[in-house]
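Heads up: the structure comes next, in structure tokens.
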Amino acid sequence: MEETNSEIRKQLAAATEALRKSEKRAIAGQLALEIMHEVRNPIEALGNLIFLARNCAQTPEELERFLRMSEEQLATLNQIVGQTLSLARFSGQPIRTDLAAIAEAALRVHQRAIAGKKIHLVKKLPGDFTAEVYATEILQVISNILANALDALPENGVLSLRLRKSQSHIHLLIADNGHGIPEKHRSEIFKPFFTTKEDRGNGLGLALSREIVERHRGKILVRSSVRPQKSGTTFRISIPS
């Protein structure tokens, strides 16, 4: 019996690891798709500005204006590429990186859902909070929590992301004013395969998220309320700085 249980645990661990890698690839693919959409606008604007500079500028002042606007579009592209390369560069090993950049990338993954629900996004993400992390794994954690928040939020709801720093840790707080998590479920949400979504989800997102955070020597905590007019959920991810 003990040997059978051991074999089941091994199979479960293998299946969980395979799913973790699959979810990481899915998030990376979705991020790449959103970045492609994001760079399209400045590229199209650059093309239009080059045409105007060549064919429509009547004075040196007009030419200067078109060139200045082109530089602004190039700066936008450079920012997007820089943030993307930072994630790609840090994917293989834990390296000190900017947690705000990872949070912004996670928001990109879900930007269509955020726009579709007309979510009011509140951000306080200073760019000088760094920690040694596997960037793609922390991206996976934040993306999982954002996906749950967006499921819980109504149209025109509020989603908040804030970075704070203590002496030894950096804390990322992700809060929503959705329907909240009933008290009877709060002790279960980090358990593998627990889900309240019935035909959606596999119940591993938060379990994997906690595993990843703890592998970074951090903690993930949750507070939630289901009180009418005061409902909502806050996750706090704490990672050594």
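Laboratory data are not the source of any read-out in this text; all were calculated from the coordinates shown. None of the values given here were measured: they were computed from a predicted structure. Don't worry about glycine lacking a Cβ; one is built from the backbone with ideal geometry, like all the others, and counts go over all protein chains shown.
If you sort the three axes of the alpha carbon gyration tensor as a ≥ b ≥ c, you get a/c of 1.5 or more for the range 90-190 and a/b above b/c, which makes it prolate.
Remark: for residue pairs K191/K219; K124/K165; K191/K230; K184/K230; K165/K230, the C-alpha separation exceeds 20 Å in K191/K230; K165/K230. For H169, the amide hydrogen comes within under 5 Å of the amide hydrogens of S241, counting only partners 5 or more places away or on other chains and with H modelled in the peptide plane. For the range 107-176, the set of GluC sites (Glu not before Pro) satisfying both a DSSP loop assignment and a count of at most 14 other C-beta atoms within 10 Å is given as E155. Among the chymotrypsin sites (Phe, Trp or Tyr not before Pro) within the range 113-193, those in coil by DSSP and having at most 14 neighbouring Cβ atoms inside 10 Å are F193.
Relative to the current alpha-carbon distance between S231 and S187, full extension at 0.36 nm per residue lengthens the span by 14.1 nm.
Applied to the range 124-138, the Karplus parametrisation 6.51 cos²θ - 1.76 cosθ + 1.60 on θ = phi - 60° returns per-residue 3J(HN,Hα) values of 9, 10, x, x, 10, 9, 10, 8, 7, 9, 7, 4, 5, 6, 5 Hz, with x for Gly and Pro. Provide the FRET efficiency to the nearest 0.05 for the R217-E71 pair, computing r from the beta carbons and using R0 = 51 Å. My answer for the efficiency is 0.75. Taking R0 as 25 Å, what FRET efficiency do you get between R54 and N78 from their Cβ-Cβ distance, rounded to the nearest 0.05? Step by step, r from the Cβ atoms, then E = 0.65. The slack between K124 and I43, meaning 0.36 nm per residue of separation minus the straight C-alpha distance, is 26.3 nm.
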